[in-house]
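*Asks:* Dropping a structure here in structure tokens format, bear with me for questions.
The values are calculated or read from the model by the stated rules, or taken from the named source; none is laboratory data. From a predicted model like this one, the values you see are computed outputs, not experimental measurements. For accessibility, only protein heavy atoms count, side chains too; no ligands or nucleic acids. Shrake-Rupley method; radii C 1.70, N 1.55, O 1.52, S 1.80 Å.
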Amino acid sequence: MTEPSETVADVASLSFEQARDELVAVVAELEQGAPTLEHSLALWERGEALAARCEQWLRGAKQRLDDARAQVEAS
């Protein structure tokens with residue numbers, strides 16, 4: 001897993017699958033209990049960024065499907 005101290009900016013370059021897999025790992029680590037509050041907060045922030053990235057991918061996929069359906073209906 002990526003270190004929680006990394007900036008959230010690198011999340012923007014992740015594929016949906018990469019972001020999802022890392023998010024699963026972050027959640028698992030949070031559920032186990034991080035050694036410090038600071039580490040827990042860093043994990044939480046990373047998880048939020050990863051979840052937002054996944055949502056961005058899903059919104060984009062939905063838009064592509066909607067556009068494809070509209071093209072089919074228009075023809």
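*Asks:* Relative to the longest principal axis of the C-alpha atoms of the chain, give the angle of the C-alpha long axis of helix 16-32, reported between 0 and 90° and rounded to the nearest 10°.
*Replies:* 30 degrees
*Asks:* Angle, helix 37-74 long axis vs. longest principal axis of the chain, Cα atoms, 0 to 90°, nearest 10?
*Replies:* Tilt of helix 37-74: around 10 degrees.
*Asks:* If you stretched the chain out fully between L58 and E17, how much longer would it get, using 0.36 nm times the residue separation minus the C-alpha to C-alpha distance?
*Replies:* 13.7 nm
*Asks:* Which value in deg cm²/dmol, rounded to the nearest 500, describes the helix-derived mean residue ellipticity at 222 nm for the chain, given -39,500 (n - 2.57) per DSSP H run of n ≥ 4 and division by the residue count?
*Replies:* On the way: 2 runs with 55 residues, N = 75.
Only helices count here, giving -26500 deg cm²/dmol.
*Asks:* Using a 1.4 Å probe over the heavy atoms of the protein chains, calculate the carbon and sulfur portion of the accessible area of the chain as a whole percent.
*Replies:* On the way: 3120 of 5500 Å².
So the carbon and sulfur contribution to the accessible surface is 57 percent.
*Asks:* How many Å³ per residue does the convex hull of the Cα positions in the chain occupy? Write down the numbers at each step before the final one.
*Replies:* On the way: hull volume 6.1 nm³, N = 75.
It comes to 81 Å³ per residue, whole-number rounded.
*Asks:* Work out how much length D66 to E31 would gain on full extension: take 0.36 nm times their residue separation and subtract the Cα-Cα distance, in nm to one decimal.
*Replies:* Details: separation 35, 0.36 × 35 = 12.60 nm, distance 3.67 nm.
Full extension of this stretch gives 8.9 nm more.
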